[in-house]
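A short worksheet on the structure shown next.
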């Protein structure tokens, strides 16, 4: 029998989070869609997204919490669509 030792898919933590539980941190935290709309991750905007998510207490709140739990070095770092 031939055994292969697979190499890690990436040394980056972001894909590891996605592989673990289906969350894709490189996508918009709100819609989790890969579209052509630009993403941003400004601190003030992240604070507003967190506040709105806490008020709604929905799936976005859970995604943010999962990121905070898994990414100790990058707490609070997520992207979102900046639409007016």
Item checked: Among residues of the stretch 31-40, those that are modelled with pLDDT under 90 and touching a strand residue (DSSP E or B) at 6+ places or on another chain (Cβ under 6 Å), counted -> 1
Notebook entry, point to check: Among the residues of the stretch 43-60, how many are farther than 19 Å from residue 27 by Cβ and touching a strand residue (DSSP E or B) at 6+ places or on another chain (Cβ under 8 Å)?
Noted result: 0
Next item on the list: Return the residue satisfying two criteria in turn: it lies in the stretch 41-60 and is part of a helix (DSSP H, G or I) and farther than 15 Å from residue 79 by Cβ, and of such residues it is modelled with the lowest pLDDT.
Entry: 59
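The values are calculated or read from the model by the stated rules, or taken from the named source; none is laboratory data. None of the values given here were measured: they were computed from a predicted structure. Here the Cβ is made from the backbone with ideal geometry for all residues, glycine too, and neighbour counts use every protein chain on show.
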